Amino acid sequence: MYRMPRVFLLIIFLIICILSIGGCCHSNNAKKQDTCFSSRRVMEAKRTSNPIAIDGQLDEDVWKNAKKYELSLGSDRSVDGTVPCEKGFASIAWDDKYLYVAIEYFDLDIVAEGENDQMAHYLLGDLCELFLKPSNETWYWELYATPHSKMSSFWFPGRGRMGLPSNEKYKCGLKVAAKVYGTLNDWQDKDIKWTAEMAMPVEDLTMHGEKFGPNSQWNILIARQNYGRYLKSIGKELSSCPTLSLTNFHLYEQYALLKFVN
């Protein structure tokens, strides 16, 4: 009977060990990533006792006390620690009538070529996007604010109904306003930033019987589409809060939990 030399047996044993270790590492890394993005992050909405004037100024007291969240690139675009070329921040507030969002997006070249509401502004320049979804339902909202103080609002019964003409017919009481620190649509100069405020009526968010406030469960994503002469990226740069594992703003399984605080 032929017996394999011990040296070959040793080589085979070593190969099996290496493959096993590699498999364990891959499995552990995958589990770590799944755990990271399946554990919902929390973003707080600060209650305001006074209505917020939607003028893009961010001068209300509530914005001084609300938490400020910094936007980041998706993990698929920041594997080497890359950060957005231009920083962006967002805060959230609420009262009995509205959910408010304030953004401060630093921007050397502010662009907004869409001149009307309810346009595909993600193709027309800089944009703030707000995504809101009841935790236990399929439907969600996608809401826009531009540096030109224009807005768009979309409501999807479910992610599988995106792109239908009916999505574009949705109307709500969303209010937006922006302030540009620089000049709009002038690529020859350098701007500083743009700020904006959004107010989404509670009556629109609860149109199908959802609850709103401390005893409700909502998920949120605040995102940015950034165009500009001085960007290092090829084309627009996308960022969001919370961070997503993939740069897809409709990945609502990874939205943050919205916590209502007084």
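Considering only segment 70-95, state which residues are part of a strand (DSSP E or B) and among the aliphatic types (A, V, I, L, M). Write out each step before concluding.
Narrowing segment 70-95 to residues part of a strand (DSSP E or B): 70, 72, 88-94.
Across segment 70-95, the qualifying residues are Ala90, Ile92, Ala93.
Among the residues in segment 128-135, are any within 17 Å of the chain's Cα centre (by Cα) and more than 25 Å from Thr206 (Cβ to Cβ)?
Residues of segment 128-135 within 17 Å of the chain's Cα centre (by Cα): 128-135.
From what is left, the residues that are more than 25 Å from Thr206 (Cβ to Cβ) are none.
Checking segment 128-135: not a single residue is within 17 Å of the chain's Cα centre (by Cα) and more than 25 Å from Thr206 (Cβ to Cβ).
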Here is a list of conditions, (1) under 18 Å from Thr247 (Cβ atoms); (2) open to solvent by less than 10 Å² (accessible area, probe 1.4 Å), and Ile103 meets all of them except one; can you say which number that is?
(1)
Determine which single condition Leu108 fails, assuming it passes every other condition in (1) touching a residue at least 24 places away in the same chain (Cβ under 8 Å); (2) farther than 26 Å from Asp191 by Cβ.
(2)
Scanning segment 49-64 residue by residue, those in contact (Cβ under 8 Å) with a residue 60 or more places away in the chain and either assigned to a helix (DSSP H, G or I) or not hydrophobic (A, V, I, L, M, F, W, C) (or both) turn out to be Asp55, Gly56, Gln57
Can you pull out every residue in segment 216-226 that is open to solvent by less than 10 Å² (accessible area, probe 1.4 Å) and not β-branched (Val, Ile, Thr)?
Trp218, Asn219, Leu221, Ala223, Arg224, Asn226
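So, in segment 239-251, of the ones that are of a type in the set (A, V, I, L, M) and open to solvent by 30 Å² or more (accessible area, probe 1.4 Å), which residue ends up farthest from the chain's Cα centre (by Cα)? Please lay out each step first, then the result.
In the first step, residues of segment 239-251 are kept if they are of a type in the set (A, V, I, L, M); the result is 244, 246, 251.
Still in the list and also open to solvent by 30 Å² or more (accessible area, probe 1.4 Å): 246, 251.
Working: Leu246: 12, Leu251: 10 Å.
The extreme case among them is Leu246.
Can you find, within segment 111-120, the residue that is farthest from Gln188 (Cα to Cα) among those that are open to solvent by less than 30 Å² (accessible area, probe 1.4 Å) and in a loop (DSSP other than H, G, I, E, B)? Even if it seems obvious, please write down each step before you answer.
Narrowing segment 111-120 to residues open to solvent by less than 30 Å² (accessible area, probe 1.4 Å): 111-112, 114.
If we keep only those that are in a loop (DSSP other than H, G, I, E, B) as well, we get 111, 114.
Values: Val111: 12, Gly114: 19 Å.
Selected residue: Gly114.
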If I filter segment 125-133 for residues that are of a type in the set (Asp, Glu) and free of Cβ contacts under 8 Å to residues at least 40 places away in the same chain, do I get at least one hit?
no
Being outside any helix (DSSP H, G or I), among the charged types (D, E, K, R) and open to solvent by less than 90 Å² (accessible area, probe 1.4 Å) narrows it down to one of Lys46, Lys67, so name that one.
Lys46
Restricting attention to segment 70-84, report how many residues are exposed (fewer than 15 other Cβ atoms within 10 Å of the Cβ) and at pLDDT 90 or above.
3
Of those in segment 224-238 that are part of a loop (DSSP other than H, G, I, E, B) and in contact (Cβ under 8 Å) with a residue 12 or more places away in the chain, the residue nearest to the chain's Cα centre (by Cα) is Tyr227
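The values are calculated or read from the model by the stated rules, or taken from the named source; none is laboratory data. Since this is a predicted model, take the numbers as computed values, not measurements. Backbone-built Cβ (ideal geometry, glycine too); neighbour counts: all protein chains shown. Heavy atoms of the whole protein, side chains included, go into the accessibility calculation; ligands, DNA and RNA do not. Shrake-Rupley method; radii C 1.70, N 1.55, O 1.52, S 1.80 Å.
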